[in-house]
Amino acid sequence: MGYINAIIILAGINIIAALGVAILTGYTGLFSIGHAGFMALGGYFSAILVKEFGVHFVPALLAGGLFAGLTSFIIGYPAFRSRLRGDYFAIATLGFSEAIRLILNNTREIGFIKTGAAFGYMNIPGHTNLWVVIGAVVLAIYFAHMFVTSQYGKNCIAIGQDEVAAQMMGVDLLKTKLLALFISAFYAGVAGGLLGFYFAYLSPSFFTITKSSDLLAAVVFGGIQSLIGPVVTAFILIAVPEVLRALAEWRLIIYGFLFVVVMIYRPQGLFGYVEMNLHFARAWWQRLRRPVAER
Amino acid sequence: MTASNEILSLRNLTVDFGGVRAVNDVSLSLQRGEMVALIGPNGAGKTTIFNLITSAVQPTAGEILLNGKSILRKSPDQICRLGISRTFQNIRLFPQMTAYENVELGLHSTPHYSLAEAFVRTPRARQIENDTRKKALELLEMVNLQEYAHARAASLPYGLQRRLEIARAMATSPQLLLLDEPAAGMNEDECNELIELIRKIHQQMQYTIIIIEHHMAVVMELCRDSRIYVLNLGSLLAVGSPQEIQNNPDVIRAYLGERKNARDFSAS
Amino acid sequence: MELFIQQLVSGVSIGAIYALLAVGYALVYSVYNFTNWAFDAFMAFGAFMAFVGISSLFMPFWLAMILSILLTILLSVGAESMAYRPLRERKAPRLFMMISAMGVNLAVVNIINLIFGGTFRKFPVESVQPIFVGNVSIGRMDLIAGLISFGVLALLWLFLYRTRWGLGIRASAIDIQTAALMGINNNAVAIIIFVITGVLSAIAGVFYGIKYAVYPMMGIVTIKAMIASIVGGLGSLPAAIVGSMLLGVLETLVSGYISSSYRDLFSFLFLIVILLFFPNGLMGKNVDEKL
């Protein structure tokens, strides 16, 4: 039971971070390979608040998300301001997350706070349990859904489909992209916080490119412009390697091949362009009810 | 006509692209409510003029005034909010969105409620969304696309995509509408429908319209009572009524350089 | 002063390696408008193949280098024909191209990791005495790496500007569709470009491996090359070289005078500062999308 608990908790945390990547990469079309960096920022920040300053862990999680979100502007602003899309930003995210990891790796202490450099930040109070994670996942899905179906979210989708046309139709590219990035980093930050409160310690080695690739994989396999897709795949991608240990070392190789295969044969992913909404459910239901001959 | 009625003024616009002068000292003035056409052989710089007006390209020299105020160095989205909207020569709809969503985007490219309201969707926000939905459907109806509202934009036939682009451009509530080859690839019937449509929106919405078009029949019909600007090799070659343009020897010579257009031209 | 000159030489030699990589990125970017994320895997692959050639097949250095170049060309062209061409042909969005490239990268790096393990290996070349110029010692390998890199770049320049094929590539960089209409075979251009990419990444991989170490994740250094090509101006070859030299020298000075652990941090801050003040890079043009 404890083992299943652990898998669900880790999968839940992965889902929250993947939702962040979904909003940024899946909806807004901005390629991120550095979300591990935002997880690290949020994780350390909220852990420090709780352990060193005695803050309750819920506001600490939110503060960690906020911190990650605000820091994201350091790369977001310069990268989005220049007109070339995508590439600058993707490189900046990768550089940023590596920089964060390097800083953490070389920082033994910040003032009186012993962050422990490469050994990790120890003795974080363990607040994350199954119910906390389930609650957080439900809220995360709810708010992500509210966002992507709002006028703000639809502007993000427009940018993802044709940035130039979106701008010509009046969408403020800089503001909208920064907003998507902020929310996305916020999600990753909260996920990082939950991770720290679960393991009771944080190490820079949690937040490597491998972690970022995992998150990207959830979105690529789950589908562009979909929330349900990344949620399902984020869960599968944690659960399957845990269950099939033998697969562990092959995991990234398989991901790599699947990236190519998915892009070539099913670029919309498992659930691409499918919204978790009633409209979809209704259409599906009507399709089912129609006589087979008409289908 | 008083100067205060002038909506758009291009003054001595010049653009160089790496040594090539794409637009050369072009001036043009438009009164509110006018519909004029911009014609010329391929590569004459017509689309570049639209790109200049919408700030997709910055001029090397010259000035662009909207309602008497300079709009140079503004971003394309600011230009849109100031009331200039356009369609594209190579259609640029949001391909995976439905027709309805494409139009809706033009309506809410500047969201009408706060971010906090977006997350909790207050009754006010829902009301705003309902209003937006109604308006989007109205616009679709205006261009006769209501039955395709929930079809993916990319799946629509070419002619309908062009009409959808017009509806999307209208959604940003422009004062000035720039139509870049709206009749491209249309047959005669479709052209006639398009003429009807453009006339209708011109009158009902009181837009000022500039239209770039190769179908001379469409141009001559739409600009019956106004002017046509002829562009050749980046420079303004002639301005005048359809009759004047048709009989202008310079224009005919410029067009004879290009067989296909010359045929179009004589056919009208 | 001696230290400064030593650092400068070392910076130029690492800059030359960055330049090889940055030019590879710029070449692909200028024609296909996407960043070839698989490049770092090619580089690690090249380094490992030379490593195997020397340590297991007992080849001399130059032969191992040729082996590595040939195999990396195969990998590069293979990736292009299997992972990129199908997407290019149906004009898929750039995001898809990037994801596909990322996939190639993940697969290749992790296959290397599976076969060789994640450990750092010393490249099996005998360490040679540095050359002394006065009191300044200059690493022989730094010198060789710098010279060969510049030689390769010069050859590439000759190829691009003095041959018909080069002309075809440059035409494709301006407008690939028009180039195709004018009778340039797009697939041939792609193969040439990815052959060049393979050569560049293999050489860079070997020299980088010699300078530091050979390990599966060594390709992460290509992020420096990307930074360099952004600093110079994306999509332009001379700009990529200038950016690389600048970054190589600056970061070597930082690690020499401040601390080597802040070297990578510096490169990243440098990128942000450049993007803030020169949004198109130092020498880049403002690139507008065609409407």
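For beta carbons closer than 9 Å, sequence separation of 6+ or different chains, a first residue in segment A:200-214 that is within 12 Å of chain C (Cβ to nearest Cβ) and hydrophobic (A, V, I, L, M, F, W, C) and a second that is assigned to a helix (DSSP H, G or I) and surrounded by fewer than 19 Cβ atoms within 10 Å (Cβ to Cβ), the qualifying pairs are A:Ile209/C:Met217; A:Ile209/C:Ile220. Of all residues being touching a residue at least 60 places away in the same chain (Cβ under 8 Å) and either of a type in the set (Phe, Trp, Tyr) or facing chain A (nearest Cβ under 7 Å) (or both) in segment C:109-139, which is surrounded by the most Cβ atoms within 10 Å (Cβ to Cβ)? Just the residue, please. Only one residue tops the list, namely C:Asn110. For first residues located in segment A:237-255 and facing another protein chain (nearest Cβ under 8 Å), partners that are of a type in the set (Val, Ile, Thr) and in a helix (DSSP H, G or I) and lie 6+ apart or on another chain with Cβ distances below 8 Å form the pairs A:Leu252/A:Thr210; A:Leu252/C:Val109; A:Ile253/C:Ile111.
Keeping to segment C:1-30, report how many residues are of a type outside the set (A, V, I, L, M, F, W, C) and closer than 30 Å to C:Ile169 by Cβ.
7
Of everything listed in (1) more than 7 Å from chain A (Cβ to nearest Cβ); (2) over 19 Å from the mean Cα position of the chain (by Cα); (3) of a type outside the set (Asp, Glu), the single unmet condition for B:Asn102 is (2).
Give me the residue from segment A:65-81 that is of a type in the set (Ser, Thr, Tyr) and more than 10 Å from chain C (Cβ to nearest Cβ) and, out of that set, nearest to C:Ile230 (Cα to Cα). Top of the filtered list is A:Ser72. Look at (1) touching a residue at least 40 places away in the same chain (Cβ under 8 Å); (2) surrounded by fewer than 24 Cβ atoms within 10 Å (Cβ to Cβ); (3) closer than 30 Å to A:Gln151 by Cβ and you find that A:Pro59 fails only one, number (1). Count of segment C:206-222 residues, restricted to those that are out of contact with any Phe, Trp or Tyr (no Cβ under 7 Å at 6 or more places or on another chain) and in contact (Cβ under 8 Å) with a residue 24 or more places away in the chain, is 7. Within segment B:245-265, is there a residue that is of a type outside the set (Phe, Trp, Tyr), surrounded by fewer than 22 Cβ atoms within 10 Å (Cβ to Cβ), closer than 17 Å to B:Glu34 by Cβ and modelled with pLDDT of 90 or more? No.
All conditions but one from (1) more than 30 Å from A:Leu216 (Cβ to Cβ); (2) touching a residue at least 12 places away in the same chain (Cβ under 8 Å); (3) assigned to a helix (DSSP H, G or I) apply to C:Leu70; the one that does not is (2).
Across segment A:96-117, a minimum of one residue is classified as away from chain C (no Cβ under 14 Å) and in contact with a Phe, Trp or Tyr (Cβ under 7 Å, 6 or more places away or on another chain). Checking each residue in segment B:49-97 for being in contact (Cβ under 8 Å) with a residue 60 or more places away in the chain, in a helix (DSSP H, G or I) and more than 7 Å from every other protein chain (Cβ to nearest Cβ) picks out B:Ile49, B:Phe50, B:Ile53. Pairing residues of segment C:258-273 that are farther than 16 Å from C:Ile220 by Cα and more than 9 Å from chain A (Cβ to nearest Cβ) with residues that are part of a helix (DSSP H, G or I) and among the aliphatic types (A, V, I, L, M), at Cβ distances under 9 Å and at least 6 apart in sequence or on separate chains, gives C:Ser260/C:Val254; C:Phe270/C:Ile227; C:Phe270/C:Val231; C:Phe270/C:Leu246; C:Phe270/C:Leu247; C:Phe270/C:Leu250. For residues that are assigned to a helix (DSSP H, G or I) and crowded, with 21+ Cβ neighbours inside 10 Å, scanning just segment B:179-200, find the one that is farthest from the chain's Cα centre (by Cα). Taking the candidates together, the pick is B:Leu194. Of the residues that make up segment A:82-92, is at least one more than 8 Å from chain C (Cβ to nearest Cβ), part of a helix (DSSP H, G or I), modelled with pLDDT of 90 or more and within 28 Å of C:Trp37 (Cβ to Cβ)? No, the conditions are met nowhere in segment A:82-92. The combined condition, being aromatic (Phe, Trp, Tyr) and surrounded by fewer than 24 Cβ atoms within 10 Å (Cβ to Cβ), is fulfilled by A:Phe45. Checked against the criterion of being at positive phi and out of contact with any Cys (no Cβ under 7 Å at 6 or more places or on another chain), the candidates B:Ser55, B:Ser9 yield just one match: B:Ser55.
Listed conditions (1) under 30 Å from A:Thr210 (Cα atoms); (2) buried (at least 24 other Cβ atoms within 10 Å of the Cβ) are all met by C:Lys211, apart from (2).
State whether the residues of segment B:224-247 include one that is among the basic types (Lys, Arg), within 30 Å of A:Gln161 (Cα to Cα) and not in a helix (DSSP H, G or I). No.
Report yes if A:Met169 is within 8 Å of chain B (Cβ to nearest Cβ) and under 30 Å from B:Leu52 (Cα atoms), otherwise no. The answer is yes for A:Met169. Pairing residues of segment A:3-14 that are part of a helix (DSSP H, G or I) with residues that are of a type in the set (D, E, K, R) and modelled with pLDDT under 95, at Cβ distances under 6 Å and at least 6 apart in sequence or on separate chains, gives A:Ile7/A:Glu242.
Of the numbered criteria (1) in contact (Cβ under 8 Å) with a residue 60 or more places away in the chain; (2) more than 14 Å from chain A (Cβ to nearest Cβ); (3) not hydrophobic (A, V, I, L, M, F, W, C), the one C:Ser30 fails is (2). Out of C:Val254, C:Val221, C:Val249, report the one residue that is more than 14 Å from chain A (Cβ to nearest Cβ), crowded, with 16+ Cβ neighbours inside 10 Å and not acidic (Asp, Glu). Matching residue, one of C:Val254, C:Val221, C:Val249: C:Val249.
Of the numbered criteria (1) under 19 Å from A:Gln167 (Cα atoms); (2) small (Gly, Ala, Ser); (3) touching an Asp or Glu at 6+ places or on another chain (Cβ under 8 Å), the one B:Gly159 fails is (1). Every condition in (1) basic (Lys, Arg); (2) closer than 27 Å to A:Thr149 by Cβ; (3) at pLDDT below 95; (4) surrounded by fewer than 14 Cβ atoms within 10 Å (Cβ to Cβ) is met by B:Arg224 except one, and the failing one is (2). Checking the structure you have, find out if any residue of segment A:249-265 is under 28 Å from A:Tyr142 (Cβ atoms) and among the aromatic types (Phe, Trp, Tyr). No, that holds for no residue. Which of the residues spanning segment C:140-165 are surrounded by 15 or more Cβ atoms within 10 Å (Cβ to Cβ) and touching a Gly at 6+ places or on another chain (Cβ under 7 Å)? C:Leu160, the sole residue that qualifies. Pairs meeting the criteria (first residue in segment A:142-155 and on the phi < 0 side of the Ramachandran plot and more than 7 Å from every other protein chain (Cβ to nearest Cβ), second residue assigned to a helix (DSSP H, G or I) and of a type outside the set (Phe, Trp, Tyr), beta carbons under 6 Å, at least 6 apart or on different chains) are A:Ala144/A:Leu19. Taking segment A:256-266 as the range and being without any contact (Cβ under 8 Å) to a residue 24 or more places away in the chain, among the aromatic types (Phe, Trp, Tyr) and within 8 Å of chain C (Cβ to nearest Cβ) as the test, only A:Phe257 passes.
The values are calculated or read from the model by the stated rules, or taken from the named source; none is laboratory data. Remember, it's a predicted structure, so these values are computed and weren't measured experimentally. Virtual Cβ from ideal backbone geometry, glycine too; neighbours counted across all protein chains shown.
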